[in-house]
Amino acid sequence: MKRLPFIIILVVLAAAVGGAWYLKRSATPSVPAQALASASPRANAPTSSDPGAEPPHTLGPANAPAKLEEFGDFECPPCGLLHPTLQTMEREFGDRLRITFREFPLVPTHQHALAAATAAEAAGLQGKFWEMHDMLYENQKQWHEAFDVRPIFEDYAKRIGLDIERYKQDLTSQIVEQRITQDGLRAHSLGVKGTPTVFLNGREIPFESLLPADKLREVIKTELNAPHP
Amino acid sequence: MPLTHDPGIMKPIQPAISSAKEKAPRAARAPTLLYAAAALLSILGLADAIYLTIQHVTGQSVRCTIISGCSEVLSSSYATIGSIPLALVGAAAYFCVFSLATLAAFGYRSAGQLMILAVAPMFAVTLWLIYLQAFVIGHFCQFCLFSAAITTLLTVISFIAWRR
């Protein structure tokens with residue numbers, strides 16, 4: 001009887017450590033860096049899920065050995081942090097890397113996320129998605145706190161050389177709305193719950209392997225060096 | 001002046017003593033039950049803090065999610081002490097309170113007194129964290145609020161148990 005409280009304490013300690021270990025394992029969807037490339041594709045890999053908006057917004061050749069797909073929200077601060085890292089990866093890996101951006105505005109968490117996604121897609125209809133994408137991320141802090149983002153986004157549209165009248169019309173167009181919805185459907189089919197969520201050749205990169213740039217560089221290098229069937 | 005009848009005076013002493021004896025075990029049991037309740041609450045707090053720690057360690061808490069508030073709170077500079085997640089400190093504190101409450105429930109009196117010393121700073125930190133969420137960060141995280149509720153209950157319970 002004297003030992004019982006100590007036994008209970010030890011049991012709870014063991015359960016706490018075990019629970020933490022289990023949570024850590026389940027919170028890390030895929031194995032990091034070294035093992036990422038050799039891991040078998042997940043059941044919910046992008047190849048077997050909703051295709052998303054067509055054509056997708058991509059950078060890099062279609063036959064690049066490393067295909068990176070980001071689900072992002074322009075108002076999400078970590079997405080803003082990841083943006084320069086992805087630009088660095090694009091420069092460093094060149095033709096060996098293809099980057100795809102998918103819309104995943106977190107509504108209602110971020111009040112302007114949908115407006116930002118709409119602005120980017122409307123710019124995309126004039127072939128300037130990436131210019132607006134960069135503008136939105138690079139100035140995220142400026143418009144994040146704004147009450148009305150429309151004049152700010154219009155100013156960005158002017159600065160990247162869009163036809164403003166067409167841009168304004170496209171903001172309410174069905175194509176823009178459908179593209180965002182289709183990307184959202186793809187996100188849900190892949191089990192995406194937050195942003196940024198990044199897949200590399202169909203496997204989700206754990207968030208802790210995305211930043212800083214050194215970590216992501218290592219993940220991509222490992223993927224490129226891995227033997228592919 | 002006529003003498004009035006006071007039934008209390010007429011009561012036999014013996015039954016009064018035996019009644020006190022009957023009440024004694026019930027009174028002694030009360031702190032035990034309170035400490036047992038505190039131990040159970042600490043386990044809930046511990047589970048919550050472990051969940052938040054893992055979210056922090058794996059970077060999940062830093063991501064933006066559909067649930068508003070948590071990512072803003074947990075990615076703020078207040079979520080860490082140096083490089084140590086605040087949630088990990090919370091987990092250690094809850095485990096400490098759980099151990100003390102368990103020992104107190106098994107009759108270790110000094111454990112109950114130590115529990116007050118452990119819970120008091122936890123409650124102070126809880127108040128500070130609620131202030132930060134409300135007035136500095138501007139967002140509330142439901143996991144942090146759950147922890148705040150647990151700590152508040154633990155404070156009340158340990159105080160009542162100590163008074164008895």
Inset, instruction - Quick one: which helices (runs of 4 or more DSSP H) lie wholly within the stretch B:60-164 and hold at least 3 residues that are more than 22 Å from A:G80 (Cα to Cα), β-branched (V, I, T) and out of contact with any Gly (no Cβ under 9 Å at 6 or more places or on another chain)? - result: B:109-131, B:142-163
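Find the residue count for the stretch A:105-129, including only residues that are among the small types (G, A, S) and within 14 Å of another protein chain (Cβ to nearest Cβ). Break it down into steps so the answer makes sense when it comes.
Just the residues of the stretch A:105-129 that are among the small types (G, A, S), to begin with: A:113, A:115-117, A:119-120, A:122-124, A:127.
Narrowing the set further to residues that are within 14 Å of another protein chain (Cβ to nearest Cβ) leaves A:113, A:116-117.
Looking only at that region, the number is 3.
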Inset, instruction - Starting from the stretch A:46-75, take each residue that is of a type in the set (V, I, T) and list its partners that are at pLDDT below 95 and in a loop (DSSP other than H, G, I, E, B), counting only C-beta distances under 9 angstrom and pairs at least six apart or across chains. - result: A:T47/A:P41; A:T47/A:G202
Legend entry - Residue list for the stretch A:182-204, restricted to those being within 22 Å of A:Y137 (Cβ to Cβ) and more than 14 Å from the chain's Cα centre (by Cα): A:Q182
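For (1) away from chain B (no Cβ under 11 Å); (2) farther than 21 Å from A:M135 by Cα; (3) of a type in the set (D, E); (4) surrounded by 17 or more Cβ atoms within 10 Å (Cβ to Cβ), each residue gets a yes or a no:
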| position | (1), (2), (3), (4) |
| --- | --- |
| A:L162 | yes, no, no, yes |
| A:Y167 | yes, no, no, yes |
| A:D170 | yes, no, yes, yes |
| A:G191 | yes, yes, no, no |
| A:A213 | yes, no, no, no |
Inset, instruction - Can you tell me which residue within the stretch A:75-100, out of those that are surrounded by 23 or more Cβ atoms within 10 Å (Cβ to Cβ) and not in a helix (DSSP H, G or I), is nearest to the other protein chains (Cβ to nearest Cβ)? - result: A:C76
Inset, instruction - Within the stretch B:126-147, track down each residue that is surrounded by fewer than 20 Cβ atoms within 10 Å (Cβ to Cβ) and under 13 Å from the mean Cα position of the chain (by Cα). - result: B:F146
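The values are calculated or read from the model by the stated rules, or taken from the named source; none is laboratory data. Predicted model only: the values in this text are computed from it and were never measured. Glycine also receives a Cβ, built like all others from the backbone with ideal geometry; neighbour counts cover every protein chain displayed.
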